[in-house]
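Here, each number is a calculation from the coordinates, and none is a lab measurement. Treat the numbers as computed from the prediction; the structure is a model and nothing was measured. Counting neighbours? That spans all protein chains shown, and the Cβs are built from the backbone with ideal geometry, glycine included.
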Amino acid sequence: MRASLIPTTVLSSLLVAAITCVIAAGPLSAEETKLRGKRVVILVEDQVNEIEAIYPFLRLQEEGAKVEFAGRGKDSYKGEGGLTVEPVTLNVADLKAADFDAVIVPGGYAPEQLRRDEHVTSFVRGMFEAGKVVASVCHGPQVLISAKILRGKRVTGYGVIKDDVVNAGAQWVDGQPVVRDGNLITSRWPEDMPYFCPAIIKALSEQTER
């Protein structure tokens, strides 16, 4: 059974709680927003894991980043748990590495579709080669494999993709909720979000300090 197949009722409760926290926190001052001026894109398709998409969408906004969903022509997508991921304001065909500071590839079944799109793989490869933050979770590294950026890197993800990751030339890491290798950040599943997002925030903050 896939760890990412969480009942819709549980997903709904978690997402409502996350949204409530963002609203309750209220607007942040300039001093409290580590990522002010940063732009982050999250790649989505049908059957994306909702938590892995929406959690960082909200969490990075709390830190002041501009965060947007990008897809392949639709303004919303149905997640693997039945929830709708929206608003999708960008098209992957229009993405340019120069315009963003980080890209996030959530898991679910969506990466199996996204990895076949040359616009997606070219953009992700461009982000990686430019030293921008490239983060993925669960099945997300499937896109990174197709972008040909994993050779020599330490990577984690959902267990069933281990052989694919190793065959792409990466070193598979077991038992860690988040693995960072330079500008590449990977995690295993939704429960790793409290480790995944801080790693992204830290990497983006380091960009600002340089």
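Estimated from the Cβ-Cβ distance and a Förster radius of 30 angstrom, the FRET efficiency linking N91 and K202 is about 0.50. Per-residue Cβ neighbour counts within 10 Å put H119, H139 in the sequence H119, H139, beginning with the fewest. In percent, rounded to a whole number, the relative contact order of segment 84-210 is 22, using alpha-carbon pairs under 8 Å and six or more apart.
Under the criterion of Cα pairs below 8 Å and six or more residues apart, the relative contact order for segment 73-138 equals 33 percent.
For D99 and D181, a Förster radius of 25 Å and the Cβ-Cβ distance give a FRET efficiency of 0.55, rounded to the nearest 0.05. Would you mind getting me the FRET efficiency between E112 and L58? Use the beta-carbon distance for r and R0 = 25 Å, nearest 0.05. Efficiency for this residue pair is about 0.50. Gain on full extension, evaluated as 0.36 nm per residue between V160 and K78 minus their Cα-Cα distance, stands at 27.2 nm. Between T33 and K148, the modelled label-to-label distance comes to 3.9 nm, taking each label 7 Å out from Cα in the direction of the beta carbon.
Neighbour counts of C-beta atoms inside 10 Å place S205, S187 in the sequence S205, S187, starting with the fewest.
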